[in-house]
Amino acid sequence: MASPAEFLGLTPRHVPQGGDGLPRPLRVQVEEGVYHLVSRGVRRLPIYSDDTSRRKFLSLLDLVTSKYRWELHTYCLMTNHYHLLVTTVDPTLSAGMQYLLSRYAQWFDWRHGFEGHVFERRFYSREITTDRDLMSTARYILLNPVRAGICDTAADWRWSSYHATAGTTTGGPALSNWDLDYFGHRKPDQARERFVDFIRAGEADARSRRTERG
C-alpha cells in the first residue's frame, strides 16, 4: 500500500493507465478498525476556499462520526487535502467516507457554481494495529502544517484537532479521549500537558523536513 507521502505526490509512483491496470483490491473494513484516512482534491486543486468551507466540512465530519459510529481521534485540514485518524466501531469505513465526500462536494459545487468532481475518486486508508503506530500517526497528522511551511508549530494552525485535544478550545467536531487513554486517564490536565509535549517534541524535525505539501 502506498505511503502517505506517495499518495500525496511527494515521491514518484507509477499509476496504471487505461484498461490494462490491475483491478483495485477490496478495501479492508473491520469492526473497531483504526484508520489513517486522506483524501485530496482532484488535480490537486484546493478543497477549501475559506473558513466557511472548512467549518462546513467539519460539521459534516461531526455528523458522519455520529451517523456511522466513528470515533474521531485526530484531524487536520490542509489546502487541497485532509487527514483523519478514526476508529470505526462498525465496518462502515467506505459508507462513511462516501457520505462525507459526496455531501461536501455537492455543497462545494453548489456554493461556487461548479460542476464535476471535487475529490480524487480513491481515498487513502491505512489500518493501524499498534499503539506506537497510532501515536506516531497522530503526531504526523498534527505536524502537517509545520512540514508544509505554513506555520512553525502545531499550535499555530487553527484547522486541526490540536487545540481541542490540548484542552484550549471546545469547538469543532466531537473527539475521542485517546489522549487521556495514552497519557494518563486519571489526571486529565497532566495527560493534556504530556500530549502537548509529545507533539512539540516532533516540531523541530518537522521544520527540517519542510516540503511544498503536507
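The values are calculated or read from the model by the stated rules, or taken from the named source; none is laboratory data. Just so you know, these numbers come straight off a predicted model, no measurement behind them. So basically every Cβ, Gly included, is an ideal-geometry build from the backbone, and we count neighbours across all protein chains shown.
Just name the residue that is surrounded by the fewest Cβ atoms within 10 Å (Cβ to Cβ) out of those in the range 158-194 that are in a loop (DSSP other than H, G, I, E, B), hydroxyl-bearing (Ser, Thr, Tyr) and under 15 Å from the mean Cα position of the chain (by Cα).
To start, the set of residues in the range 158-194 that are in a loop (DSSP other than H, G, I, E, B) comprises 158-159, 161, 167-177, 184-187.
Remaining after also requiring hydroxyl-bearing (Ser, Thr, Tyr): 161, 168-170, 176.
Keeping just the survivors that are under 15 Å from the mean Cα position of the chain (by Cα) gives 161, 176.
Details: SER161: 27, SER176: 18.
Among those residues, the one meeting the criterion is SER176.
List every residue pair whose Cβ atoms sit under 7 Å apart, with the two residues 6 or more apart in sequence or on different chains, where the first one lies in the range 136-151 and is without any contact (Cβ under 8 Å) to a residue 12 or more places away in the chain and the second, anywhere, is in a helix (DSSP H, G or I).
CYS151/PRO145
Has the range 121-130 got at least one residue that is within 16 Å of the chain's Cα centre (by Cα), modelled with pLDDT of 95 or more, small (Gly, Ala, Ser) and within 21 Å of VAL34 (Cα to Cα)?
yes
Look at ALA155 and say whether it is touching a Leu at 6+ places or on another chain (Cβ under 7 Å), part of a helix (DSSP H, G or I) and not acidic (Asp, Glu). Explain how you work it out, then say what you get.
Details: touching a Leu at 6+ places or on another chain (Cβ under 7 Å): no; part of a helix (DSSP H, G or I): yes; not acidic (Asp, Glu): yes.
Criteria not met by ALA155.
Anything in the range 118-144 that is in contact with a strand residue (DSSP E or B) (Cβ under 7 Å, 6 or more places away or on another chain), of a type in the set (A, V, I, L, M) and part of a helix (DSSP H, G or I)? List them, or say none. Even if it seems obvious, please write down each step before you answer.
Our first condition is that a residue be in contact with a strand residue (DSSP E or B) (Cβ under 7 Å, 6 or more places away or on another chain); within the range 118-144, this holds for 118-120, 123-128, 134, 137-138, 141-142, 144.
Checking the rest, the ones that are also of a type in the set (A, V, I, L, M) come to 118, 128, 134, 138, 141-142.
Matches in the range 118-144: LEU134, ALA138, ILE141, LEU142.
Looking at the range 108-117, which of its residues are in a helix (DSSP H, G or I), surrounded by fewer than 16 Cβ atoms within 10 Å (Cβ to Cβ) and either touching a helix residue (DSSP H, G or I) at 6+ places or on another chain (Cβ under 8 Å) or of a type outside the set (Phe, Trp, Tyr) (or both)?
If we filter the range 108-117 for residues that are in a helix (DSSP H, G or I), which is where we start, we get 108-112.
From what is left, the residues that are surrounded by fewer than 16 Cβ atoms within 10 Å (Cβ to Cβ) are 109-112.
Residues satisfying the conditions are ASP109, ARG111, HIS112.
Please determine whether any residue of the range 86-100 is outside any helix (DSSP H, G or I), hydrophobic (A, V, I, L, M, F, W, C), in contact (Cβ under 8 Å) with a residue 40 or more places away in the chain and surrounded by fewer than 19 Cβ atoms within 10 Å (Cβ to Cβ).
Let us first name the residues in the range 86-100 that are outside any helix (DSSP H, G or I), namely 86-92.
Going one step further and asking which of them are hydrophobic (A, V, I, L, M, F, W, C), we end up with 86, 89.
Still in the running and in contact (Cβ under 8 Å) with a residue 40 or more places away in the chain: 86, 89.
If we keep only those that are surrounded by fewer than 19 Cβ atoms within 10 Å (Cβ to Cβ) too, we end up with 89.
Yes, there is a match, as at least one residue in the range 86-100 is outside any helix (DSSP H, G or I), hydrophobic (A, V, I, L, M, F, W, C), in contact (Cβ under 8 Å) with a residue 40 or more places away in the chain and surrounded by fewer than 19 Cβ atoms within 10 Å (Cβ to Cβ).
Go through ARG43, ARG54, ARG27 for me and flag whichever is part of a helix (DSSP H, G or I) and in contact (Cβ under 8 Å) with a residue 24 or more places away in the chain.
So the residue among ARG43, ARG54, ARG27 that is part of a helix (DSSP H, G or I) and in contact (Cβ under 8 Å) with a residue 24 or more places away in the chain is ARG54.
Out of the residues in the range 205-214 that are over 23 Å from ASP131 (Cα atoms) and surrounded by fewer than 14 Cβ atoms within 10 Å (Cβ to Cβ), state the one that is modelled with the highest pLDDT.
For the range 205-214, the residue satisfying everything is SER208.
Quick one: how many residues across the range 67-90 are of a type in the set (S, T, N, Q) and either within 17 Å of THR130 (Cα to Cα) or in contact with a Cys (Cβ under 8 Å, 6 or more places away or on another chain) (or both)?
Residues of the range 67-90 that are of a type in the set (S, T, N, Q), as a first pass: 74, 79-80, 87-88.
Now drop any that are not either within 17 Å of THR130 (Cα to Cα) or in contact with a Cys (Cβ under 8 Å, 6 or more places away or on another chain) (or both), which leaves 74, 87-88.
Within the range 67-90, residues that are of a type in the set (S, T, N, Q) and either within 17 Å of THR130 (Cα to Cα) or in contact with a Cys (Cβ under 8 Å, 6 or more places away or on another chain) (or both) number 3.
Out of ARG132, ARG103, I need the residue that is touching a helix residue (DSSP H, G or I) at 6+ places or on another chain (Cβ under 9 Å) and charged (D, E, K, R). Which one? If you could, list the steps in order and put the result at the bottom.
Details: ARG132 fails: touching a helix residue (DSSP H, G or I) at 6+ places or on another chain (Cβ under 9 Å).
After ruling out the rest, the residue left standing is ARG103.
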